[in-house]
Structures are given as structure tokens and as C-alpha cells.
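Written out below as C-alpha cells is the structure these notes cover.
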Amino acid sequence: MTRLVVFVHGFNGRAISTWRNVAEASEQRQWWRQADLLFVGYPSLKDNVTAVAHRLRRELPRFYPHPFAEAMYVSAAEHGGDAAGGVRPRENVDPYDELLMVGHSLGGLIVRRALCDEAAELQDVAHSPGRTSRRGLLDAQVRLFSPASAGFRAAGFLGFAKAFGVWAAVEPFLRRASAYTDLQPGSVILTETRTRTENLVAAKGYDALRPRIVWASPDDVVIGERYSTDWVDSAWDGRTHTSVCKSSAGRFERPWDFIETGRP
């Protein structure tokens, strides 16, 4: 395979259902037939941004740059036959040429945090004799759908709840999630992730820290603000926060195009 595409869902999302119909792409397009897809799952109502970012950095080397060996081989029992087989030959599995990180909403912030921490560690390696860097997150091309880079806002249903006095019943449930606190505008996580990212890009110009971004329009869940070092973003009219990343063959294929090319 040529590339690994890693998907990270958002707040209260699911590892696979968030990216509904993405499997159709492999039936429609050559680009996707040359890609392995990795769907990252995490308990967004329990974990905080930093914990998931650390886990992502820790686990990614199992999948990139070399394909995950266990996924390349299927036992005879699983085949229901007498011989063992594989998705691809177990021996001589070449490393990937490309890594793409794709995040939606909170997942976008998690990807940003992981990249920021990876770049900071690379700086430490550069100043520490005997330590070596590795291929990993900083190889990535990054595509973000309505990332929660600037935080959450209570519009839509939640705005209605706040305006009509039932917010007191809704907010305690949300505050049980550490990630919800992380997403409050001006939080330490939001502020430090942005500051460190912009400083690292200014100092070293890491391409991976400059994602391509597309926003839903209207988006009543997150604040649509990019970092000063990001590429110029875009917005898709008529797409909601939850539907902006969902493709459908013959109906709405722009998310596939965006992931493939980085052009919204």
C-alpha cells in the first residue's frame, strides 16, 4: 500500500460511524485502493485531550511507517479452511510512502496536540546526544474538518438550552467530560496548543503543523478560527458540523476530494 490514512473522531463520536461511507471510496477511486485506513477510537466523554494525544503518539509507531503485521495475516481458522492467508503477503511488506491524519471537531484538536508534542520532542532529540528521531507524525499531511481549535460554543440546541434557562440541567452532564472543559474558549489546553504550534512553525516551519482545514457552514458547535500559521481555510455551505466530514458516492464527494488533495 502507498499510504496510511488515520481518522480521529470528535466529541461523543465513534471511531467508524463518524466516517460513514468512507469505505465506499475504495470502491470508487484508485487513490483509496492504495490506502490502508486506521480508525482511532477513544472515550471522549471520559478522556481529556492530552491523554488521547499521548496515546496517539505512543501507538502510531505500531502502524507507521511499517504496516501493522497482525493485520496483514489471517489464520486458517479465520479463513474457514486449511491454509493460512493474508490481506497482503506477510513477508516483504514495504513501509508506507505517505501518512495522512484526518480529524473532525475534537479529533482535530487532538491531532494538533499530538503534532505539537511530537515536534517539541524532536526539538529535544536535536539537543540530546545519543537520542534519535523516527519517522512518525511529523511526516503527516493533515486534513481537519471543523476542528475545535478555538473551542466549543453553545449555539444550536445548546444555545437554545442556555437562552431558555435549561442550561443548568444540561451543563453538569457535559462537565463530567474532561474534554468539555478542555474545549472552553481560553482554556489552558487551547491556548498552549496554539501558542506552541505557532512558535514551532515560526522557528522550524514544520509542514505537518500547518493543516488544511474546511469548516461546516453554518457551524453551531465550534468556533471557526484557525491558527495564524495555518493554510488559508475554507467553508462548505449547507453542511452541518456533523455532516461536513461525511461523503456519499454520487451525492457529496467533497470530503473524499479534500482528503486526497488538500484542496477544499
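So here's what we get for this one:
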| item | result |
| --- | --- |
| Solvent accessible area, Å² - Ile16, 1.4 Å probe, full protein context | 110 Å² |
| With DNA, RNA and ligands ignored, accessible area of Thr181 (1.4 Å probe; Å², nearest 10) | 70 Å² |
| Trypsin sites (Lys or Arg not before Pro) within the stretch 185-264: DSSP coil, no more than 10 neighbouring Cβ in 10 Å | Arg251 |
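The values are calculated or read from the model by the stated rules, or taken from the named source; none is laboratory data. This one's a predicted model, so the numbers in the text were calculated from it and none came from an experiment. Note: ideal-geometry Cβ built from the backbone for every residue, glycine included; neighbour counts use all protein chains shown. Just the protein is used for accessible areas: all its heavy atoms, side chains included, with ligands, DNA and RNA removed. Shrake-Rupley method; radii C 1.70, N 1.55, O 1.52, S 1.80 Å.
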